[in-house]
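The values are calculated or read from the model by the stated rules, or taken from the named source; none is laboratory data. The structure presented is a predicted model; accordingly, all values stated were derived computationally and were not measured. Positions of Cβ are generated from backbone atoms using ideal geometry, with glycine treated the same way; all protein chains shown enter the neighbour counts. When the accessible area is computed, the model is the full protein with side chains, heavy atoms only, and any ligands, DNA or RNA have been set aside. Shrake-Rupley method; radii C 1.70, N 1.55, O 1.52, S 1.80 Å.
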Amino acid sequence: MMAGLVSALTAFLVALAVAGMMLRAGILDRPNERSNHRDPTPRGGGLGAMAGVFAAWALLDAGSPATGAALAGIALGGGIAAGLGLLDDLVTLSETLKFMVLALVSIAVAGMAGPVTELGIVLPWLVGLAGSALWIFTTANAVNFMDGSDGLIAAPSMKLTAFAVAAFGVAGAMAGFAVWNAPLASARGRLFCGDVGALGMAVVFAGLALVWARMSGEGAVWLAPLLILPLLGDVLLTMAARVRAGRSAFVAHRAHAYQLM
C-alpha cells in the first residue's frame with residue numbers, strides 16, 4: 001500500500017508541474033464547428049499525465065522480470081501513442097498514418113503485456129493476440145473520439161487503482177492533470193488533455209488491463225471494459241447509428257451523447 005501511495009504522489013506532482021508548463025506553452029485548441037468550447041484553450045496537458053506515469057513507474061519495483069518487461073512494453077507503447085498524439089496536436093496528421101501507427105502499437109503492447117487467451121474457453125495464442133490488440137486499438141480510438149470534453153479520460157483512468165501498484169501512478173498522474181481543470185480558483189476547462197493524453201493514457205490503461213486480466217482470476221477480463229463502458233458504449237452505438245443512416249462511421253461529427261447533452 002505504501003509503495004502505491006508513493007507512486008501516486010510522485011505521479012501527481014510530476015503531472016501537476018508538467019501540465020502547468022503546458023498551460024503556458026501556447027499550444028492552443030482553436031474552436032471549430034464540432035467544439036464544445038468558444039475560446040482558444042491551451043492543450044497538451046496529457047503530456048503531464050504521461051510524464052507522471054513514467055516518473056512513477058521508474059521508481060517502481062516490478063517484483064519480477066516478466067512484470068517489469070510488461071510494464072516497460074506498456075510504457076513504450078503509451079509513449080509512442082502519446083508522441084503520435086502530440087504531433088497531431090501540433091500539425092494535423094493523415095488518418096491513414098495514425099491508423100497504421102496505432103495498429104502496430106496495439107499489436108506490440110498486446111504481445112508484451114500478455115494477450116488474453118481465456119474467455120471461458122482457451123483460445124489459440126494468435127487469436128488472443130488479435131483480440132487483445134483490437135481491445136487496445138478500440139480503447140485508444142474510443143477515448144480519442146470522446147475526449148473532446150475537457151479530459152474525459154481522467155475519471156475512468158483514476159479507477160485503475162483497483163488493479164495494481166503500477167495503476168496508482170496512472171491515477172495520480174491523471175489527478176495531477178485534473179487539478180488544472182477543477183473549478184477552484186478559476187473556471188474549469190483551463191487546459192485540455194489533447195491527443196497526446198487521450199492516445200497515450202488510453203494505451204497505458206488498456207495495456208494494464210491486459211496484465212490485470214492475465215494475473216487475476218476468472219472474470220477479471222471484463223472489469224476494465226466495465227470501467228470505461230460509457231465511453232465505449234457511446235462510440236460504438238454512435239458509429240452503428242451513423243452506419244445505419246448511411247453515413248461514414250469514421251468522419252468527425254457532433255453526434256456523441258456528451259456533445260448532444
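The table below gives the values:
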read-out: Criterion violated by residue 142 - all others in (1) surrounded by fewer than 24 Cβ atoms within 10 Å (Cβ to Cβ); (2) modelled with pLDDT of 80 or more; (3) touching a Ser or Thr at 6+ places or on another chain (Cβ under 9 Å) satisfied; value: (3)
read-out: Number of the condition not met by residue 4 [criteria: (1) within 30 Å of residue 182 (Cα to Cα); (2) open to solvent by less than 60 Å² (accessible area, probe 1.4 Å); (3) free of Cβ contacts under 8 Å to residues at least 60 places away in the same chain]; value: (3)
read-out: Some residue of the range 109-123 being among the small types (Gly, Ala, Ser), modelled with pLDDT of 90 or more and closer than 15 Å to residue 199 by Cα; value: no
read-out: Long-range neighbours under 8 Å by Cβ, at least six apart or interchain, first residue modelled with pLDDT of 75 or more within the range 16-43, second polar (S, T, N, Q) and open to solvent by less than 60 Å² (accessible area, probe 1.4 Å); value: 28/41
read-out: Filtered residues of the range 114-130 (kept if out of contact with any helix residue (DSSP H, G or I) (no Cβ under 7 Å at 6 or more places or on another chain) and open to solvent by 40 Å² or more (accessible area, probe 1.4 Å)); value: 118, 120, 121, 122, 123, 124, 125, 126, 127, 130
read-out: Condition check for residue 148: at pLDDT below 75, open to solvent by 20 Å² or more (accessible area, probe 1.4 Å) and within 21 Å of residue 70 (Cβ to Cβ); value: no
read-out: Checklist (1) at pLDDT 90 or above; (2) over 17 Å from residue 171 (Cα atoms); (3) out of contact with any helix residue (DSSP H, G or I) (no Cβ under 6 Å at 6 or more places or on another chain) applied to residue 13, failing item; value: (2)
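A quick yes/no check of all residues on (1) in contact (Cβ under 8 Å) with a residue 40 or more places away in the chain; (2) aromatic (Phe, Trp, Tyr); (3) open to solvent by 20 Å² or more (accessible area, probe 1.4 Å):
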| site | (1), (2), (3) |
| --- | --- |
| 49 | yes, no, no |
| 59 | yes, no, yes |
| 69 | yes, no, yes |
| 87 | no, no, yes |
| 91 | no, no, yes |
